[in-house]
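K.L.:
Let me give you the structure first, and then I'll get to my questions.
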Amino acid sequence: MDTRQLPARCAICSSPGAFLWAKGEQRVYKCLACGFRFAHPVPDLPLRDDFSHARVILDSPDHFRSEYNRFLARVESMTVVGKLLDIGCNIGLSLVVAQERGWAPLGIELSLEAAQYGREKFGIEIIETPLEEAGLSEGEFDAVVMYHTLEHVLHPLQMLSDVARVLKPGGVLYISVPNSGGISSFLLREKWEWVSQEHVSYFDRGSLRLALEKVGLVPMIITSCLGARVAKAKPRWEAQFIDRISNVLCLSISLESWSKKLPALHRFNAAAE
């Protein structure tokens, strides 16, 4: 069946979507129930393997190292340091940082050139097999990282379900995605900087929370902070104030979330309540 002839349906809750905007061949719809924004029909594009994303990381390694250390520190405050899976790890600099912090990391990267570069440059383990085909064991990982990966995924709920399966009880999933519920997205629409033919899933805070909860994960933190707390030149009180305001007003162009997989007993009790 040609999916291009099907009506626009939300990949999170299956509700119908209303046309939002178009850019080139991409048409984006907003779910009338949960607010999830998605491309429909999905452009038939080949996987980008031109190393462009890798060059962004290689041009600013200190920035990305700082980012990885920042979000991993919070992961470590929520679970034990053990096995870590990074889905969409690109050249694997995140895996290098995780290894330096005591993790046993594994990366998944579908760009053959980026994966090969990471293995040869850093000597780390990166596989080029999609998560659903990788044969990873249930409950194998203490943490999973998806740093600007989920927006590229056509079926995000299935991806998150696979992630929940490989997480240990008590394990943590970290996600960073473009914030389609932010002020910049609202004002700029199709001119927003995160709009791309590669991006087929656009989350706001509510739709990200719903997706996580549907696969049995518990969102502990979902934030849209500007990151003023890491600016050393700012007084602590000022940075905290800026971050609180930016989170309330959803000013950041990105959303971040840290979610836990609770033990089966706790999930059962929560469902009963």
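The values are calculated or read from the model by the stated rules, or taken from the named source; none is laboratory data. If you're wondering where the values come from, they're calculated on a predicted model, not measured in any experiment. Cβ: placed from backbone, ideal geometry, glycine included. Neighbour counts: every protein chain shown.
K.L.:
Only one of (1) out of contact with any strand residue (DSSP E or B) (no Cβ under 8 Å at 6 or more places or on another chain); (2) surrounded by fewer than 17 Cβ atoms within 10 Å (Cβ to Cβ); (3) under 24 Å from R74 (Cβ atoms) fails for R165. Which number is that?
P.N.:
That leaves (2) as the condition not met.
K.L.:
Cβ contacts < 9 Å: first residue on the phi > 0 side of the Ramachandran plot, restricted to the range 113-140; second residue in a loop (DSSP other than H, G, I, E, B) and not aliphatic (A, V, I, L, M), any location; separation 6+ or different chain. Result?
P.N.:
Qualifying pairs under 9 Å: G135/T129; G139/K261.
K.L.:
Same structure, new question: Taking interchain pairs and intrachain pairs at least six residues apart, which have beta carbon atoms under 7 angstrom, with the first residue in the range 24-42 and in contact (Cβ under 8 Å) with a residue 40 or more places away in the chain and the second part of a loop (DSSP other than H, G, I, E, B) and of a type in the set (D, E)?
P.N.:
What qualifies is G35/D204.
K.L.:
Go through (1) over 21 Å from A164 (Cβ atoms); (2) loosely packed, with under 15 Cβ neighbours inside 10 Å for I124 and report which single condition fails.
P.N.:
(2)
K.L.:
Continuing with this model, one more query. So which pairs qualify, if the first residue must be in the range 59-74 and closer than 18 Å to G171 by Cβ and small (G, A, S), the second must be at pLDDT below 95 and loosely packed, with under 12 Cβ neighbours inside 10 Å, the Cβ gap must be under 6 Å, and the two must be at least 6 apart or on different chains?
P.N.:
Correct list of pairs: empty, since none qualify.
K.L.:
With (1) assigned to a helix (DSSP H, G or I); (2) of a type outside the set (S, T, N, Q); (3) over 22 Å from I222 (Cβ atoms) as the list, and V75 as the residue in question, which single condition is left unmet?
P.N.:
Evaluating V75 over (1) assigned to a helix (DSSP H, G or I); (2) of a type outside the set (S, T, N, Q); (3) over 22 Å from I222 (Cβ atoms) leaves (3) as the failure.
K.L.:
Another question about this same structure. Mind checking which pairs have a first residue in the range 245-261 that is closer than 20 Å to G216 by Cβ and a second that is at pLDDT below 75 and of a type outside the set (A, V, I, L, M, F, W, C), Cβ under 9 Å, 6 or more apart or different chains?
P.N.:
These pairs meet every condition: K261/R267.
K.L.:
Separate question: Select from the range 28-43 the residues that are aromatic (F, W, Y) and part of a strand (DSSP E or B) and write down the one among them that is farthest from L210 (Cα to Cα).
P.N.:
Of the range 28-43, the ones aromatic (F, W, Y) are 29, 36, 38.
Filter once more, keeping what is part of a strand (DSSP E or B): 29, 38.
Details: Y29: 18, F38: 15 Å.
Among those residues, the one meeting the criterion is Y29.
K.L.:
I've got another one for you. What is the number of the single condition among (1) assigned to a strand (DSSP E or B); (2) over 14 Å from L217 (Cβ atoms); (3) in contact with a helix residue (DSSP H, G or I) (Cβ under 7 Å, 6 or more places away or on another chain) that S176 does not meet?
P.N.:
Only one criterion in (1) assigned to a strand (DSSP E or B); (2) over 14 Å from L217 (Cβ atoms); (3) in contact with a helix residue (DSSP H, G or I) (Cβ under 7 Å, 6 or more places away or on another chain) is unmet by S176, namely (3).
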